[in-house]
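So the structure is just underneath, and the comments pick up after that.
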Amino acid sequence: MPERRTVALVTLGCARNEVDSEELAGRLEADGWDLVEDASDADVAVVNTCGFVDAAKKDSVDALLEANDLKGHGRTQAVVAVGCMAERYGKDLAEALPEADGVLGFDDYADISDRLQTILNGGIHASHTPRDRRKLLPISPAERQESAAEVALPGHGPAAPVAPADLPEGLAPASGPRAPLRRRLDGAPVASVKLASGCDRRCSFCAIPSFRGSFISRRPSDVLNETRWLAEQGVKEVMLVSENNTSYGKDLGDIRLLESLLPELAEVDGIERVRVSYLQPAEMRPGLIDVLTSTPKIAPYFDLSFQHSAPGVLRAMRRFGDTDRFLELLGTIRSKAPQAGVRSNFIVGFPGETDADLAELERFLNGARLDAIGVFGYSDEEGTEAAGYENKLHEDVVAERLARVSRLAEELVSQRAEERLGETVHVLVESVDDEGVYGRGTHQAPETDGQVLLTSGAGLSVGRIVEAKVVGTEGVDLVAEPLAGSLACSEEADR
């Protein structure tokens, strides 16, 4: 019997990329590839790249070069780039980085096995040619669903032509007979579910719509079926991801579809927590706030993309709102759920940003009581409107403002953590080892918002949700003491 082909998937960037990697893994395993964790053990190393900002692009290039260094020293014979950076730059990336044996775009995902086999055999597959993916679907959202089958949409496309009975154990169409295959790449008790793809917003600093395309929702039945499948794999928390979850349903004829879908997801057997990410402040609705703050098992968690709070900067970004409106929104949320978690990202040093604008942003941050804050210094992104703006700030000024606001952000999230002293938090246990028992509270999303160290872990296992009292803080992280009754319930559940 010939030796089976092996492949490793190295994933960079956001949770959407993690879902895409699991789709690629499902397709490859269904076609006979063995998945391995370490690229040095793989015939082919597939690097799922990020193409959002310069730092992420550098990380992607570094990962490709690191994988390339394995060639000639072990099993690895080929390195292939996929993902957003590959989609965005295609041939240009291939020419600039000859170490990559292939640069594949989203159009190649359905045939990923054949593409990798061609490259492994020494053949050449033409590098992806970038195009504006916003032009692939109709301008009218109402007309997009009918055209979706003709466009490569990671997370939306048809499954590999394999009968369910012929699939390896633990591998199945993740959300119905026409949905992509998916293979979990880790045993974590949390997993992301793609709610939609693309974005119709035209923020002047963002290139994502050009390579991710126009906004298109997945059907509720597909999202529900995938969540049920994940629950069968042992997942306890699902996080809904897309470029803009607040637009969900607009192409399905119901802009309030998320409000009706969330309670259904919360009722999926085995799922203990549903989290929604990527919310646009300008699109928040009273009904959505109500569902997020009052539905059992739905996390009162608000990942709000503020970006700035000075009106002039926001208008230059082609965004809406201002400090007072944003503070009013946060006030509404906390009036309904005082312990709600809120995080956001901000750009400083945007073209034309004045000292007064920066002071206005600091006024907002001081009043917002955010649990987690990401701060980025502005840099030009090719193909964006802002790249052509005048009144660019000198890079030293941008760096100084980035350092200044980052220091403030660090102080503020530490203060916000201290405000939670004495609170009861529900902690999803994610690791139990010699270093301690760690998990996340309801107000904390994976990777971005800190964690909770439990002072006692007797009888606890990964995937349990434990009630605990916050007794200390370490920056953004919390230290919490499990409540006696919660530990007793966990021990009983393990029997």
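The values are calculated or read from the model by the stated rules, or taken from the named source; none is laboratory data. Keep in mind that what you see is a predicted model, and the values were worked out from it rather than measured. Glycine gets a Cβ as well: all are built from the backbone with ideal geometry, and neighbour counts include every protein chain shown. Surface accessibility is based on the protein's heavy atoms, side chains included, excluding ligands, DNA and RNA. Shrake-Rupley method; radii C 1.70, N 1.55, O 1.52, S 1.80 Å.
Worth a mention:
- The chain: calculated mean residue ellipticity at 222 nm from DSSP helix runs of at least 4, using -39500 (n - 2.57): -10000 deg cm²/dmol
- Residue-span extension gain [Glu232 to Asp380] - 0.36 nm each, minus C-alpha spacing: 48.9 nm
- Segment 325-478 shape via C-alpha gyration tensor axes, a/c threshold 1.5: prolate
- Three-way shape call for segment 49-167 based on the alpha-carbon gyration tensor, with the a/c threshold at 1.5: oblate
- Here each label is just a point 7 Å from Cα along the line to Cβ, and for Ser335 and Arg256 those points are 1.9 nm apart.
- Two-site FRET efficiency, Glu264 against Asp38, from Cβ-Cβ distance with R₀ of 30 Å, rounded to 0.05: 0.15
- Both radii are taken from the alpha-carbon atoms of segment 179-259; with Rh as the Kirkwood radius, Rg/Rh is 1.01.
- Residues of segment 200-235 with amide N under 18 Å of the 7 Å Cα→Cβ point at Ala142: 215-217
- Approximating the spin labels as points 7 Å out from Cα along Cα→Cβ, the Leu421-to-Asp111 distance works out to 6.3 nm.
- Cα gyration tensor shape of segment 243-349, rounded if a/c is under 1.5, else prolate or oblate by comparing a/b with b/c: prolate
- Within the accessible area of segment 209-255 (1.4 Å probe), percent carbon and sulfur: 39
- Partner lysines whose Cα lies under 24 Å from the Cα of Lys58, excluding those fewer than 8 positions away in the same chain, are identified as Lys71, Lys91, Lys392.
- Placing a pseudo-label 7 Å from each Cα along the Cα-to-Cβ vector at Asn366 and Arg131 gives an inter-label distance of 5.2 nm.
- Between Asp59 and Glu411, the contour length at 0.36 nm per residue exceeds the Cα-Cα span by 124.0 nm.
- Qualifying trypsin sites (Lys or Arg not before Pro) in segment 1-48, DSSP loop, other Cβ atoms within 10 Å at most 15: Arg4
- Our estimate of slack between Arg315 and Ile124, defined as 0.36 nm per intervening residue step minus the Cα-Cα distance, is 64.1 nm.
- Calculated log₁₀ intensity ratio I(q)/I(0) where the Debye formula runs over C-alpha points of the chain, q = 0.11 Å⁻¹: -1.00
- Note on Lys194: lysines with a C-alpha under 23 Å away, same-chain residues under 8 apart excluded, are Lys57, Lys135, Lys236, Lys250, Lys297.
- Taking every protein chain into account, the accessible area of the chain amounts to 42 square angstrom per residue (probe 1.4 Å).
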